[in-house]
Every structure is written in structure tokens, then in C-alpha cells.
1. Gain in length, residue 158 to residue 90, computed as 0.36 nm per residue apart minus the alpha-carbon separation, to one decimal in nm?
2. Provide the gained length on full extension for the span residue 217 to residue 43, in nm with one decimal, where the gain is 0.36 nm per separating residue minus the Cα-Cα distance.
3. Report, by chain and number, residues whose modeled amide H sits under 5 Å from the one on residue 100, excluding near sequence neighbours (fewer than 5 apart, same chain).
4. Can you give the extra length, in nm with one decimal, that the chain gains between residue 204 and residue 9 once fully stretched, where that is 0.36 nm per residue apart less the Cα-Cα distance?
5. Can you pull the one-decimal nm distance between simple spin-label points at residue 233 and residue 54, each 7 Å off the Cα toward Cβ?
Amino acid sequence: MNRTALLAAVVVAVVGVILFGLYMKRFETEVQGGEPVQVLIATADIPAGQPLTRAALGTRELPTKYVEDRHIRASDQNRVLGVKLNNPVKANESLLWTDLATTSQERRHLSELLRPGMRALTIRVGDSSAFGGLLRPGDRCDVLLTATRPGSEEQVTVPLLQNVLILSVGQDTGGPDARDGNGRNRSGRDVNVAVTIEQAALLTLADERGRLRLVLRNPEDVTILEGLPDTTATDLIEAARRAVRQTRRPPSTPMIERIQ
């Protein structure tokens, strides 16, 4: 009986210590302003008009209580890479949405998002290529073309371009709020992409000859795959060809274009 009572007392004491530790941790978190949130900061002085680069950005933890809507969270880093600053930012200062040249009146200036030598081209996409409204400026896509092979009636799908930067989706060019002054979502089916003049000509002809579809990429995946084959109806039917498509190809040439 004494042993049972002693064991019960030990268990109660251990549970009490654990609960007290959890209470103290929660109390400390509340006193400090809540759970920490990762926000972006500048690692060096960034002048106005300078496009943001990954090397110029760092992160800092702020308690939830002190995080404002103006703060850019670390999870939004890929959306602001290459965007120019409207206001200068000092080293170790938090980066704010209001510092970017894609807010307020600047939001609609699509040309400001292009670096010299690049062009913006509009691609009209359907619901499947808009990913249910989840496609965002700063995302990267591959462009597929489905058309009739010249000289025959065979339908073929070809990987036309890879690692294409999305500049805007509808009227959304990036920022903390994708809604207009009337509360309506600014995203739509018109997607503007950053391409070279040669790529723009290729996409324009492709749009006349067939159907274009966007394939979303991981933001960290900037590789270009070489030697991708065309896809025909035979690849759908023959088991051997389907098996080849199941094999994952190794990454090839890294290549990236960032918003300027």
C-alpha cells in the first residue's frame, strides 16, 4: 500500500512539474507578445530603385503582437525577389510592403517589373492553368503547347519553354492584398510572363497554332531539362512508353530570370 501511494505521489509530482513547465512557457510567450514570426529584413543598405536579391535579404523573428500587415513574412520571399524598392531600406531594418514599388499607384506599372532586355507577354489561360486562383506573381512555370504536327493530323504536346517567370495574374502584380478597392479579387485568367523577344514571338505563334498550358514549378527549382521528347497518342497507349515517362529525369542546366 505504501509503495502504491509513493508511486502515485511520484506520478502526480511529475505531471505537476510538466504542467507547470507548460504553463510557464505559455505565460512567457504571452508576456513576450506571442509566438515568433519570421519576417524579412535587409542585410545591407538597399537604395530606392534597387531590385531585391536573395543575398540582400535576411530574416528576423518578431513576436506575433508586433507583426503588422506591412511586414513581409519570410514565406513571401520568393514573391518579392527582383522587385524594386520605392523607399530606401537600412541594414537590419524590416522590409515592408510599402517599401516596394508594386504598392499603391506603382502596382499597375507592369513595365517596372521588367529588367532591360525582357518583355511582358499576356497568356490567356483556363481554370486548370490558373490553378484554381492560386497562381501568384513571382511563381515560375513551364509552358506546354498542344497542336497538330505540321504535315500530318497527329496531335502532339511539346515542352515549349521552361522556368518562365509570372509577372502578374489578372491585375495582381504582387503585394500584401490581391483585392481592389471594392474588395474584389484582382486575379484572373490573363497571365503576364517575362520573356525575351524571341520567346515572345515563339509564344505568339504557338497561341495561334494550338493550346498553351502552364505547369507550375517549385520556386527553388530553376533547372532546365534538356532533350525532352514530344508526347503523342502513342505515349498514352503503349505500356513501354508510359513506363519511360514514369522515370524521373535528373536536373540539368540551372537558369533563372528574376523580376527587375
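A short reminder: the numbers here are calculations on the coordinates, not readings from a lab. Note that the coordinates shown come from a computational prediction; the quantities given were computed from them, not determined experimentally. Here the Cβ positions follow ideal geometry from the backbone for every residue, glycine too, while neighbour counts run over all protein chains shown.
1. 19.8 nm
2. Gain on extension, residue 217 to residue 43, equals 59.9 nm.
3. Hits under the 5 Å cutoff: 86.
4. Answer, rounded to one decimal: 62.4 nm.
5. 4.4
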